[in-house]
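Report on one structure; see the data block that follows.
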Amino acid sequence: MSTSLKNKNILVGVTGGIAVFKVCSLINHFIKEGADVRVVMTEAAKKFVTPLTFQALTNHPVYSDLFEIYDQNAVEHIWLAKWPHIFVLAPATANTIGKIAYGFADNMLTTVIMALPKKTKVLIAPAMNTEMWNNEIVQKNVSSLRKTKKYFFVEPRGGILACRDEGIGKIADLDVIFKMAKEILSQ
């Protein structure tokens, strides 16, 4: 079954990992299918790819500062939380996964996630070092989120990581993330 993304709002959350650059192509996939895409990113993510890149791709402002006024007529984290049909978190670091699992809302991205309506699904695409991914605390956090009907995971894949270690931790192939987002939207 092929679900069109026309008239779908996709909020992409970007956290600080080397795989951030791949998310640019994922956003292009969503836009080519007709989706309206906006980006919220952490301060760490901005060290890898600048907000200007995502702004140019989406033709929308990029949200990262919880206290910046983007629109005087809106409370951004609430407006952003109500806007998407799906929230795609890619790449997802161990830090952000832990914050979500424990309900921390200490930056724009985690605050938006905590404010999402119950019906809005979150697709999480982790990317991190193998030892971090296999850490029992990270796995406990992933398991905790999976038990809900809100959070879905695209497993990281194996290969040579940015740190030159070999193992599981690379962000899933973009086609896999794209396909899973479409499947979740069709439910």
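The values are calculated or read from the model by the stated rules, or taken from the named source; none is laboratory data. Just so you know, these numbers come straight off a predicted model, no measurement behind them. Reconstructed Cβ throughout: ideal geometry from the backbone, glycine too, with neighbour counts over all protein chains shown. Protein only, heavy atoms only, side chains kept; ligands, DNA and RNA dropped before computing areas. Shrake-Rupley method; radii C 1.70, N 1.55, O 1.52, S 1.80 Å.
Quick notes on this structure:
- Scanning region 136-165 for residues that are of a type in the set (D, E) and touching a residue at least 12 places away in the same chain (Cβ under 8 Å), we see that the one that is nearest to K22 (Cα to Cα) is E155.
- Filtering K6, K22, K118 for residues that are in a helix (DSSP H, G or I) and open to solvent by 10 Å² or more (accessible area, probe 1.4 Å) leaves a single hit, K22.
- Scanning region 35-65 for residues that are open to solvent by 40 Å² or more (accessible area, probe 1.4 Å) and either farther than 24 Å from A19 by Cβ or assigned to a strand (DSSP E or B) (or both) yields a count of 1.
- D165 meets the stated requirement of being modelled with pLDDT under 95 and acidic (D, E).
- Of residues in region 66-79 being of a type outside the set (D, E) and not in a loop (DSSP other than H, G, I, E, B), the one surrounded by the most Cβ atoms within 10 Å (Cβ to Cβ): H77
- Only one of the numbered conditions (1) hydrophobic (A, V, I, L, M, F, W, C); (2) within 25 Å of K6 (Cβ to Cβ); (3) open to solvent by 50 Å² or more (accessible area, probe 1.4 Å); (4) touching a residue at least 24 places away in the same chain (Cβ under 8 Å) is violated by A125, and that is (3).
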